[in-house]
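Here's the structure, in structure tokens; my notes come after.
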Amino acid sequence: MPDATQVTRFTSSAEATVSGVSSQIESRNPATGEVLGRVPVSSTEEVRAVVASARRAQEAWALLPIEERTVRLLRFRNAIVDRGEEIVELLSQENGKTRHESLLFEVFPVAEVATYLSKHAAEILSPQRVTLGLAKYRTAYLQYVPRGVVAIISPWNFPFVLSLGDTLFALAAGNAVVLKPSEVTPLVLAKAKEIWDATAGLPRDLFQVVQGYGKTGSDLIDAQPDMVVFTGGVATGKRVAAMCGERLIPCTLELGGKAPLIACEDADIERTARGIVFGGFANSGQICISVERVYAHAQVHDRLLERVVGLVSELRQGDPMTSLDLDVGAMTFDKQVDVVEKHIADAKQKGAVVRTGGTRKGMFFAPTVIAGCNHDMTVMTEEIFGPIVPFMKVASEDEAIAHANDSHLGLNAYVFTADREKGRRIAERVLAGSVVVNDVFVNYAMAEAPFGGVKQSGIGRVHGPEGLRSFCHVKHVNVDRFGTMDREPTWYPFTKGAYGGFQKAVRALFGGGSLAKRLGDLL
Ligand code: NAD
């Protein structure tokens, strides 16, 4: 493994926004420090020109039937799958994750999203009849109209799926997409664009990639797209939301997570322990839905903790490109390693015990389990986004739920119990966008179900019918049903006689009398 100094890289996006940027981004392999390639940073003028050309391409795309759009998107899926190994290798080199993770968490879900859209997008976006109450003499339906150009700004932890998943949804809905990937992982999206351009039937300008730091992201919003989908940290999300607010651009924000895992007193120790280890250390813990805090019932706490520590000792960590028999790769972004170290120092200083891990070699951070944690420690209250699982013992499931909800974040949550009914009851009380019983992560891979956060974890949903429709504005089309008269009774002229008639009608319809009730039930 390389020395830490060899792999220090990249200005953080926040710094880059204020301090000016270089004209090229150099991408390095975090596991080895090797330079993988460079991409030019898009200028403000280039970003504007890209948005304008995407807008032109969108007009023709929106005119195609949805079925035709999704058939063409399947060609893109097929090309991605055909070149899957090339993508997996680049992803693992650029991001540090294992090749299993690149295949199963990045390439697979992108292919699944395209497949889901090909089966369901046309039905989800078909006009929806509105059943009218009072106005039965008219008909109404909702038309889902593409917004236009969607700007997608994505992070480095899952550069492929968090860029292309939203891209496919936006395109299926009839939009064009301009994507700004993270400056930490630019190459894999340059590859995606190359594959797009090489696929027959996909208009080049319909999906475009601009490269750069935070400044390029704000240039993109400033170019007035019709919607912004941002995935990233809470602090950046607030800046993006403020920019969108000033310009009245609708935005979806997928922000940080602090997923609690509640281990009930009847939890199966082996499955729960394995769930915690996979949920805590997959992608080196750099997942917005990683298990970030464990609340274990006193009945199972000690056995669960010992089993988790035992399982961690079996994990094999190393450079993803050297072997397929590896569980954990390298962390991606050196600034994130600093965050992880700060959490551990804070927890130790406040009395927690590091049971395993806590050390780094370059960008390889050992999977770390910390016992004896509480909510005075940042490791239980702030996002970690690294390979740490902190444990807290609780006396009851009510106490676990109270702690789980004591957070400014609410993206995912997990409950492990032998009693599915109890699992459902607890899930319904936890404040989060998704709660999974007896498993980890699976919900994100389900393109059928909406995904997103509550509280500071974000605004809006991706995936599922809700996610697809969010890429459209909803137009209410309202048409007369039986032919028309010269004028409606509610139109001019207003007269005293008409007023009296309306007064009676309002009382009859909405007043307390029995006629009002009968009419109300009828309508
Ligand atoms: P980040 O907020 O630093 O950057 C995200 C993207 O925003 C990057 O492309 C960056 O260049 C861009 N950006 C930075 N400043 C900007 C500005 N002022 N205007 C416009 N764009 C700007 O996040 P990150 O470090 O890349 O990713 C890690 C974070 O993402 C974590 O907090 C994680 O929880 C979150 N995340 C959330 C989800 C989710 O679905 N909710 C998924 C993955 C990651």
Self-check item: Too-long pairs where the Cα-Cα distance tops 19 Å, listed order kept, from LYS335/LYS361; LYS215/LYS455; LYS496/LYS517; LYS97/LYS191; LYS97/LYS455; LYS348/LYS393
Solution: LYS215/LYS455; LYS496/LYS517; LYS97/LYS455
Quiz item: Over the chain, what per residue volume does the convex hull of the Cα atoms give, in whole Å³?
Solution: 191 Å³
Quiz item: How would you classify the range 294-441 from its alpha-carbon gyration tensor, with a ≥ b ≥ c the square roots of the eigenvalues: rounded for a/c under 1.5, else prolate if a/b is greater than b/c, otherwise oblate?
Solution: prolate
Quiz item: Ignoring ligands, DNA and RNA, what accessible area per residue does the chain give at 1.4 Å, in Å²?
Solution: 43 Å²
Quiz item: Between the range 370-425 and the range 438-455, what is the C-alpha centre distance in whole Å?
Solution: 17 Å
Self-check item: Table column - 3J(HN,Hα) (Hz), the range 318-329, Karplus curve with 6.51, -1.76, 1.60, x for Gly and Pro
Solution: x, 5, x, 7, 8, 7, 8, 8, 9, 9, 10, x
Quiz item: When the dipole is taken about the Cα centre of the range 247-396, and only Lys, Arg (+1) and Asp, Glu (-1) are charged at their Cβ, what size is it in debye, to the nearest 20?
Solution: 240 debye
Quiz item: With every protein chain kept in the model, how would you rank PHE510, PHE169 by accessible area, 1.4 Å probe, largest at the top?
Solution: PHE510, PHE169
Quiz item: Where a ≥ b ≥ c are the square roots of the eigenvalues of the C-alpha gyration tensor, would you call the range 366-523 rounded, which needs a/c under 1.5, or, failing that, prolate if a/b is larger than b/c, or oblate?
Solution: prolate
Quiz item: In degrees from 0 to 90, rounded to the nearest 10, what is the angle of the helix 161-172 Cα long axis to the longest principal axis of the chain?
Solution: 20 degrees
Quiz item: Remind me, relative contact order of the range 133-236 in percent, using alpha carbon pairs under 8 angstrom and six or more residues apart?
Solution: 35 percent
Practice problem: Please turn the phi angles of the range 349-361 into ³J(HN,Hα) values with the Karplus equation 6.51 cos²θ - 1.76 cosθ + 1.60 (θ = phi - 60°), one per residue in order, whole Hz, x for glycine and proline. | Solution: 5, 9, x, 6, 10, 7, 7, 7, x, x, 10, 9, 10
Self-check item: Positive dipole terminus of the range 407-500, leading residue within GLY483, HIS408, GLY453 (C-beta point charges)
Solution: HIS408
Quiz item: How large is ³J(HN,Hα) for each residue in the range 110-119, as worked out from phi by the Karplus curve 6.51 cos²θ - 1.76 cosθ + 1.60 (θ = phi - 60°), to whole Hz, x for Gly and Pro?
Solution: 5, 5, 5, 4, 4, 5, 4, 5, 5, 8
Quiz item: How large is the convex hull of the Cα atoms of the range 245-320 per residue, expressed in Å³ as a whole number?
Solution: 128 Å³
Practice problem: Tell me, for the chain, which Cys residues have no other cysteine's C-beta sitting closer than 4.7 Å. | Solution: CYS264, CYS288, CYS373, CYS472
Self-check item: Most to least accessible of MET392, MET485 (protein chains only, probe 1.4 Å)
Solution: MET485, MET392
Exercise. Working with all protein chains in place, sort GLU112, GLU306 by solvent-accessible area computed with a 1.4 Å probe, largest first.
Key: GLU306, GLU112
Quiz item: Ignoring ligands, DNA and RNA, what percent of the 1.4 Å accessible area of the range 173-266 is carbon and sulfur?
Solution: 55 percent
Quiz item: Ignoring ligands and nucleic acids, what accessible area does HIS100 show with a 1.4 Å probe (Å², nearest 10)?
Solution: 100 Å²
Self-check item: Extended-chain gain in nm, criterion 0.36 nm per residue less alpha-carbon gap, GLU89 and PHE108
Solution: 5.4 nm
Quiz item: For the chain, with only Lys/Arg (+1) and Asp/Glu (-1) charged at the beta-carbon, what is the dipole magnitude about the Cα centre, in debye rounded to 20?
Solution: 2020 debye
Practice problem: Please calculate the 1.4 Å probe accessible area of THR495, with all protein chains present, and give it to the nearest 10 Å². | Solution: 70 Å²
Quiz item: Average projected area of the Cα convex hull of the range 78-208, in nm²?
Solution: 9.5 nm²
Quiz item: Ordered by packing density, taken as the mean number of other Cβ atoms within 10 Å over each peptide's residues, highest first, how do 53-59, 63-69 rank?
Solution: 53-59, 63-69
Self-check item: Carbon/sulfur fraction of accessible area - the range 435-484, other protein chains in place, 1.4 Å, %
Solution: 58 percent
Exercise. For the range 71-140, give the percent of accessible area contributed by carbon and sulfur heavy atoms, probe 1.4 Å, rounded to a whole number.
Key: 56 percent
Quiz prompt | Rounded Å value of the spacing that divides the Cα centres of the range 35-73 and the range 211-246 | solution = 17 Å
Quiz item: From the residues GLY497, VAL107, PRO40, which one has its Cα farthest along the dipole of the chain in the positive direction, the dipole being from +1 and -1 charges on Cβ of Lys/Arg and Asp/Glu about the Cα centre?
Solution: GLY497
Quiz item: Sequence-distant or interchain residues sharing an amide H contact under 5 Å with HIS473, placed H: which?
Solution: VAL145, ARG147
Quiz item: For the range 177-227, what's the relative contact order in percent, using C-alpha pairs closer than 8 Å and at least 6 residues apart?
Solution: 49 percent
Practice problem: Determine the principal axes of the Cα atoms in the range 199-298, then give the extent along each, sorted from largest to smallest and rounded to whole angstroms. | Solution: 55, 39, 21
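The values are calculated or read from the model by the stated rules, or taken from the named source; none is laboratory data. Remember, predicted model here, so these are calculated numbers, not experimental data. Note that each Cβ is placed from the backbone with ideal geometry, even for glycine, and that neighbours are counted across all protein chains shown. Only protein heavy atoms, including side chains, enter the accessible area calculation; ligands, DNA and RNA are left aside. Shrake-Rupley method; radii C 1.70, N 1.55, O 1.52, S 1.80 Å.
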